[in-house]
Structures are given as C-alpha cells and as structure tokens.
Amino acid sequence: MTLNVCHLGATTYRDGLLLQEALVQARASGATGDWLLYPDHPPVLTVGRSGSEASLKVDRATLERMGIEVFDVARGGDFTWHGPGQLVGYAICDLTARDRDLHRFLRDLEAAIVAALAGWGLAGATVPGRTGVWVCGDKIASLGVAVRRWVSYHGFALNVAPDLKAFDVIHPCGLRGIQMTSLADRLGPQAPALSDARTVMASQLARQLGYDGWRWASADEARRAAGGAGRAPYESIAGLAR
C-alpha cells in the first residue's frame, strides 16, 4: 500500500478538521487509501478529551484579544498550540489493517519522529507514561490521535522553527514545568526547512508503518478523495478555496 502525502498550504484549523473528517469517512468506506496531511495553520490552540482549563495560563478573553482561536477536539490529550514554523501532520490511516492497536500506532508515530530527529543529529526520546518526543528533557513533538470506524485522524506536531514564546499561554499537554524546544532552537542555522522536514517525516512514517512507499498528492486530489464516500463533494462541505 502507498501512503498519500499532501501539503495543504495555508489552512484554517476548522477547514483542516472538516477535511480530515471527510477523509475518515471515505477511508472507512474503502473509497480512498491512507493519507498524511500537512496543513499550515495560523496560531490556534486545541484541547483534547482530557483537557482542563487549568492548563491555560491566561483566560479565553485574553486569547481572543491575541487573535488565538481555541478548538475542542476529539483527540486524546490536553492543550497544545499549532502555528507557523510547526510541522503538523494528520494521519488518516486504516487501523483495522494494524490489528486495531491504537497504542502501537501512537508508538509508531513517535518512532518515526525519533528516526527523523536522528537524521538531523538529535537524540529524540520518549518518556514512559507521556505521549510525545523529547530532546534532552525538553519536548519537541506532541501527539494526539482520535479514531472513528477504526480510521485514525489528528496526529503529530513537530516543532521545526516556531516562536517558542507561543507556548507561554499554556501548560503544554497539561504538563507543568516543562520546556518546549524546536529543531531551530537545537540546531540553529543547520535546522531543516519545513519543506525538507515534510519529506523526511513522510519517508520515516511510511517506513515505520510498513507502507510500500509514499507519493505526493495535490490538495485538490485530497479534496476529491474526501468526496468519495457517497456524500456531497468536499469543496461544498468545507468551503476551502480551490
């Protein structure tokens, strides 16, 4: 099986979520294959099923004044931030083909990130009981996955070169006293560009999850695939500009 990989470009969080949900339906019905989506989100906070308002360091009125939207989502986990300089990857994958083992799927995502970091000369690590990837005790990648009809969605966020001060408004993933880091923070001018990080992560993810290979697909192709589940075309549902 080949993994379809798509860089969506600038995408609001709402539109990215709608596209994921449509692709989940299409994948569950067998109308399309597995996908890895790379959206470029404006600054946004998302909070998963185990989230707590105590994980916010400022109130929601302050976030609104800062122009930061907050979305309650179905994935696991607490508050996290998405925005410029971060590599967000949404994995729409059939878990039935992987024995419906969500725990193993999360560990495979982590392993792919650790392998990518190794290629950039960084020793990534996981921490028992804490989902995500760390470098020298600082967190560099967050993960959160949801499953519908045994198809995964949501995924990972790898800090390539974001403004790390953006995390100051939250306790990331509900964890107190941790520091967030990034490839740029650790590697300086040697840090990869986002475009290179997309390619490396697609290759590592395809290898870790056992695909025969992967291919780039256009945003239009992803939208057409999302409309293949016996529903109205995705463009009319999500309102994404073509």
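The values are calculated or read from the model by the stated rules, or taken from the named source; none is laboratory data. This one's a predicted model, so the numbers in the text were calculated from it and none came from an experiment. Quick reminder, even Gly has a Cβ in these numbers, built from the backbone with ideal geometry, and neighbours come from all protein chains shown.
Tell me, yes or no, whether segment 93-111 has at least one residue that is in contact with a Pro (Cβ under 9 Å, 6 or more places away or on another chain) and not polar (S, T, N, Q). No, that holds for no residue. The residues of segment 79-105 that are of a type outside the set (Phe, Trp, Tyr) and within 14 Å of the chain's Cα centre (by Cα), listed by number, are Thr80, His82, Gly83, Pro84, Gly85, Gln86, Leu87, Val88, Gly89, Ala91, Ile92, Cys93.
Tell me, which residue of segment 12-57 that is of a type in the set (Ser, Thr, Tyr) and out of contact with any strand residue (DSSP E or B) (no Cβ under 7 Å at 6 or more places or on another chain) is farthest from Arg207 (Cα to Cα)? It comes out as Ser52. Of all residues in segment 3-62, those being under 25 Å from Asp78 (Cα atoms), among the hydrophobic types (A, V, I, L, M, F, W, C) and in contact with a Lys or Arg (Cβ under 6 Å, 6 or more places away or on another chain) number 1. Considered as a group, the residues in segment 212-242 that are more than 19 Å from the chain's Cα centre (by Cα) and at pLDDT 95 or above include one that is surrounded by the fewest Cβ atoms within 10 Å (Cβ to Cβ), and that residue is Asp212.
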